Amino acid sequence: MRTGKDNEMSLRLGIDAGGTTIKLGLVNTGHEITHALDIPTAFDFEEAARDIAAAVQELVKQAGVSLNDLPYIGIGVPSTVRPDTGRVVLANNTGWEDAPMKERLEELLGRPVRIANDADCALAAEAAAGAARGQNNVLMVTLGTGVGGAMLLGGRLFSGCDGMGMEVGHMPLFADGRPCTCGAAGCLEAYASATGLIALACEQAQQHMGSALYTQTLTGQLDGKAIFDAAQAGDDTALLVVDTYTAWLAQGLGGLINIFRPDLILLGGGISHAGDLLFDRVRALLPRFILAHDVIGGPQVVPALLGNPAGIIGAAFLQEVQGG
């Protein structure tokens, strides 16, 4: 941890508002989190806003700095955000709907607030200090409980023409396919998320009771890591699951590449930690889904680097990719 008055005066504050935990951190100009604090997420929005404001006050007190030393407070939320008002449209996992997060925190704290979708914050962090550093046109897809997406276009976050797009997890993949949490069916999220991966593994385990996956379903230990570990160990059913999953993911990425033609694709979230077993398959399959790949090629697909701290770091450095 760096210390010293000169360093403290240059701190920024980022907040990663998750479904169960809200993580706050002070970040220095070297993109290091110097002070951190976690609080549970309240499902009542007004209670959550007051909790966040109190935690901000406690964090700056612990660090020995003033709120007035911070250029702004950045926050990432698991929701589409209205760009004109900073209102949270709908955060499914918290229950916040049409919630005035930016306005309320500015009232409570008396400081400017910058707000963005959590995937936007993850990409902002990677642009500042990770795998997207020095890149201007980057697509990031996060593979966790759901599927998130963010786009850096010309060095700035692009969130659709009205600022509420880039919901790549809800891009249709299969007509009348698996039900999705958004209420539709066949979305990429229903197939490429950790939830979709586990659902596929459970289906296959029931058909192959000699598989290691079947034993894990009985013990309640089946998760994304266990599936990839079993495949790495040579379990035939787990390999079938991984092959199917990576084909679905490659198909979704191929569609996005055909639309955006980014220079680079980052994969983040828990599933991205599967390493070569994931990335080698996706890279091998992608040419099947990219238009004229044999002529114009396609972007590299690489893992995001910053992991869990990315939400805080990206929120703290939103100005660099939002402008203004």
Note on the range 206-256: residues open to solvent by 70 Å² or more (accessible area, probe 1.4 Å) and of a type in the set (A, V, I, L, M, F, W, C) are M209, L218, A233, L240
Could you check the range 105-124 and list, in sequence order, the residues that are assigned to a strand (DSSP E or B) and either over 24 Å from the mean Cα position of the chain (by Cα) or not charged (D, E, K, R) (or both)?
V113, I115, A116, N117
Go through (1) in contact (Cβ under 8 Å) with a residue 24 or more places away in the chain; (2) at positive phi for D118 and report which single condition fails.
(2)
Can you tell which of G76, G155 is touching a residue at least 24 places away in the same chain (Cβ under 8 Å), surrounded by fewer than 21 Cβ atoms within 10 Å (Cβ to Cβ) and under 25 Å from P303 (Cα atoms)?
G155
Filtered residue count, the range 195-205, keeping only those that are surrounded by fewer than 19 Cβ atoms within 10 Å (Cβ to Cβ) and small (G, A, S)
1
Given the conditions (1) modelled with pLDDT under 95; (2) in contact with a Phe, Trp or Tyr (Cβ under 9 Å, 6 or more places away or on another chain); (3) outside any loop (DSSP other than H, G, I, E, B), every one holds for G14 apart from (1)
Of all residues in the range 27-46 being without any contact (Cβ under 8 Å) to a residue 60 or more places away in the chain and of a type in the set (V, I, T), the one that is farthest from N93 (Cα to Cα):
T29
Would you please name the residue that is nearest to V242 (Cα to Cα), looking only at residues in the range 297-309 that are open to solvent by 100 Å² or more (accessible area, probe 1.4 Å) and modelled with pLDDT of 95 or more?
Q300
Read through the list (1) within 20 Å of V282 (Cβ to Cβ); (2) within 26 Å of the chain's Cα centre (by Cα); (3) hydrophobic (A, V, I, L, M, F, W, C), then give the number of the only condition that C202 fails.
(1)
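The values are calculated or read from the model by the stated rules, or taken from the named source; none is laboratory data. It should be emphasised that the depicted structure is a prediction, and the values quoted were computed from it without experimental measurement. So basically every Cβ, Gly included, is an ideal-geometry build from the backbone, and we count neighbours across all protein chains shown. To get the accessible areas, we keep the full protein, side chains included, count just its heavy atoms, and leave off ligands, DNA and RNA. Shrake-Rupley method; radii C 1.70, N 1.55, O 1.52, S 1.80 Å.
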